[in-house]
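What follows draws every value from the coordinates through simple rules; no lab data is involved. The structure displayed is predicted, hence computed values, not measured ones. Counting neighbours? That spans all protein chains shown, and the Cβs are built from the backbone with ideal geometry, glycine included.
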Amino acid sequence: MSTEIASMAEAVRKAVGSTVITDIHTHLFPPSHGKLLLWGADEMLTYHYLVAELFTVAPPGLTCQKFWSLPKPKQADLVWEHVFLRHGALSEAARGVITTFNKLGLDVAGRDLDGIRKWFAAQKVEDYLARVFQTANIDSAVMTNNPFNPQEAAYLNRDLPCPDCLKPALRIDPLLVDFKSAVKTMKDAGCKVQLRPTQKTFDEVRRFLLGWSEKIKPLYFAASLGPEFAYPDDSLRTKVIDQAIMPAALEVGVPFAMMIGVRKAVNPDLGDGGDGVGVADVAAVMHLLQRYPAGKFMVTMLSRVNQHELCVLARKFGSLHVFGCWWFCNDPSIVEEMTRQRLELLGTAFTCQHSDARVLDQLIYKWAHTRKVVAEVLVGKYTDLVHAGWRPTKDEIWRDARALFGGSFAEFLAR
Ligand code: RAT
Ligand code: ZN
């Protein structure tokens, strides 16, 4: 038995370590979208997770205002000095930078940030993108394409080249969280929308979504929502979902992805790093699933507290695809717990992780760290199976590994 378990464990580690990954939610852009695609040492060091961390240890004289007024390399210097050198790179985000530099073959132990910067300065972004995808062993990554962001919309309207490894997704938050600004953007784009929620306005919103879908061919529509998200209720948000978003999603035949539980700007001085987390009401998702039996929904939730209830819901509705260990859940201890819980309740019918990479290079560490944790969870599960008398074949192990890292998602999309 023990040799069987040892060879199974080796096969699992190999499969999880080497399976190709489809990254189903990132904030990456094609190189043709210029400065929108973030990459390199300074972008990694100023990732909002690390900026938030800097201000847990920053000297009293260093205010957020002062930090934001500095050029990016100076901001990166401050993170390097106070987080990495004076306090230690133990957090997940800090360790991630180290893992990434290391996997790129850079001398991270030498702590030579200037040398590392020189190496990045010599890279050509198109080649570097291919190199990162190869190092992380990813076949494709889904972008977040937001037509409500004028800069992004301008790039999208120019039909610029996009490498095959980057897939589109239509991000529509303002429709649900800031209808006023959504109306302004749509008006600027020539839609006949009004702030007053009339049938005509909803028809126009639907046309806006259909138009963008036709243009970019998104894999899904997506929005991030607060812990207060309720459905149905008598808010404008419910009307927008029922009269514009769901009709458009059904017509295009794409899932509606909801990322639920973010408490926006609890400390606005920190910028993107200033958002927090709150426990949400999973019943809102349940009501959507009940109301739209022909719809498809992808959901990730930010609070650890919501995870179990969400898994139970996914057992009841094949139209719900649970994905990722999002943001504050993307820490090894929580990824381990969530992956085990999901396997126990859902088998492999979920996507164990998405990277949420905002900086290209992060694909390297986010996936290296996830693979390691998920491999050990799977070894434990297969060990239990072997003890129970089952003998998983190598092919089955590879099938299951791929399922968790993109295979189940592909199946869900094809349903
Ligand atoms: O994880 C993050 O980087 C967050 O700031 C958000 O981008 C979140 O993932 C989102 O897509 O809203
Ligand atoms: Zn995201």
Task: Filter result for ASP269 (within 16 Å of ligand 2 (Cβ to nearest atom) and either surrounded by fewer than 17 Cβ atoms within 10 Å (Cβ to Cβ) or farther than 30 Å from PRO247 by Cα (or both)) - done: no
- [ ] Filter the range 211-228 for residues that are closer than 20 Å to MET298 by Cβ, away from ligand 2 (no atom under 16 Å from the Cβ) and not polar (S, T, N, Q) and give the result.
- [x] TRP212, ILE216, LYS217, PRO227
Open item on the list: Suppose we keep only residues that are in contact with a strand residue (DSSP E or B) (Cβ under 7 Å, 6 or more places away or on another chain) and of a type outside the set (A, V, I, L, M) within the range 316-340. Which one would you say is nearest to ligand 1 (Cβ to nearest atom)?
Closed with: TRP326
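Identify all residues within the range 156-174 that are of a type in the set (Val, Ile, Thr) and away from ligand 1 (no atom under 16 Å from the Cβ); write none if there are none.
Within the range 156-174, no residue meets the criteria.
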Open item on the list: Cβ-Cβ under 7 Å, sequence separation 6+ or interchain: first residue in the range 85-106 and in contact (Cβ under 8 Å) with a residue 60 or more places away in the chain, partner surrounded by fewer than 19 Cβ atoms within 10 Å (Cβ to Cβ) and acidic (Asp, Glu). Which pairs?
Closed with: GLU92/ASP331
Task: Residues located in the range 123-160, provided they are closer than 30 Å to ARG402 by Cβ and assigned to a helix (DSSP H, G or I) - done: VAL125, GLU126, ASP127, TYR128, LEU129, ALA130, ARG131, VAL132, PHE133, GLN134, THR135, ALA136
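Take the range 28-86 and flag every residue that is more than 30 Å from LEU160 (Cα to Cα) and among the aromatic types (Phe, Trp, Tyr).
TYR49, PHE55, PHE67, TRP68, TRP80, PHE84
Assess whether ALA357 counts as being assigned to a loop (DSSP other than H, G, I, E, B) and more than 15 Å from VAL142 (Cα to Cα).
Considered against the rule, which asks whether it is assigned to a loop (DSSP other than H, G, I, E, B) and more than 15 Å from VAL142 (Cα to Cα), ALA357 comes out as no.
Looking at this structure, is GLU126 within 16 Å of ligand 1 (Cβ to nearest atom) and farther than 22 Å from VAL299 by Cβ?
no
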TODO: Hey, can you tell me all the residues within the range 175-202 that are over 23 Å from PHE229 (Cβ atoms), surrounded by 13 or more Cβ atoms within 10 Å (Cβ to Cβ) and touching a residue at least 24 places away in the same chain (Cβ under 8 Å)?
DONE: ALA189
- [ ] Mind listing whichever residues of the range 320-335 are surrounded by fewer than 18 Cβ atoms within 10 Å (Cβ to Cβ) and over 12 Å from ARG304 (Cα atoms)?
- [x] PRO332
TODO: Only residues that are free of Cβ contacts under 8 Å to residues at least 40 places away in the same chain and closer than 26 Å to THR370 by Cα: list them for the range 119-154, please.
DONE: ASP127, ALA130, ARG131, GLN134
TODO: For PHE120, indicate whether it is touching a Gly at 6+ places or on another chain (Cβ under 7 Å) and part of a helix (DSSP H, G or I).
DONE: yes
Open item on the list: Name the single residue that is surrounded by the most Cβ atoms within 10 Å (Cβ to Cβ) among those in the range 211-246 being away from ligand 1 (no atom under 16 Å from the Cβ) and under 21 Å from LEU166 (Cα atoms).
Closed with: TRP212
Task: Enumeration of residues in the range 247-266 that are of a type outside the set (A, V, I, L, M, F, W, C), farther than 22 Å from ALA294 by Cβ and either surrounded by fewer than 22 Cβ atoms within 10 Å (Cβ to Cβ) or touching a Cys at 6+ places or on another chain (Cβ under 7 Å) (or both) - done: ARG263, LYS264
Open item on the list: When you scan the range 286-293, do you find a residue that is touching a residue at least 12 places away in the same chain (Cβ under 8 Å) and within 14 Å of ligand 2 (Cβ to nearest atom), even just one?
Closed with: no
TODO: With the condition kept exactly as written, say whether any residue in the range 304-317 is among the hydrophobic types (A, V, I, L, M, F, W, C), within 16 Å of ligand 2 (Cβ to nearest atom) and in contact with a Lys or Arg (Cβ under 9 Å, 6 or more places away or on another chain).
DONE: no
Task: Qualifying positions in the range 341-366 - more than 14 Å from ligand 2 (Cβ to nearest atom) and surrounded by fewer than 21 Cβ atoms within 10 Å (Cβ to Cβ) - done: GLN341, GLU344, LEU345, LEU346, GLY347, THR348, ALA349
- [ ] Check LEU313, LEU289, LEU363, LEU343 and return the single one that is assigned to a helix (DSSP H, G or I), within 14 Å of ligand 1 (Cβ to nearest atom) and of a type outside the set (S, T, N, Q).
- [x] LEU363
